[in-house]
Amino acid sequence: MALVPCKECGTLNSSDAEICLSCEYPIRGRSKTNWLKWVAIILALMLGLPVVLATIDIAKTGLQPQSSQPTGR
Ligand SMILES: [Zn+2]
């Protein structure tokens, strides 16, 4: 078991470790967590978009003048 410095932050990690304990950068091989990160971002956008659209919709309906009540006599 040897200690290898992280390429990203320089923290010494066990050569058995797959990712840096400090910054979670993959010590060896290709990044396995990278695509997971993107999936998480895309999922967050997909989940967040309807909320944003609903908020805009509510804001629009809130700003609309109440035409059901005619003004004047
Ligand atoms: Zn690191």
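Since every read-out is calculated from the coordinates, none of them should be taken as a lab result. Since the structure is predicted, the reported quantities are computational estimates derived from the model, not experimental observations. Because the Cβ atoms are built from the backbone with ideal geometry, glycine has one as well, and the counts that use them run over all protein chains shown.
Tell me the net charge near residue 17. Cut-off is 11 Å between Cβ atoms, residue 17 excluded, with +1 for each Lys or Arg and -1 for each Asp or Glu. Cβ neighbours under 11 Å give a net charge of -2. For the pair residue 34 and residue 57, label points projected 7 Å from Cα toward Cβ lie 3.8 nm apart.
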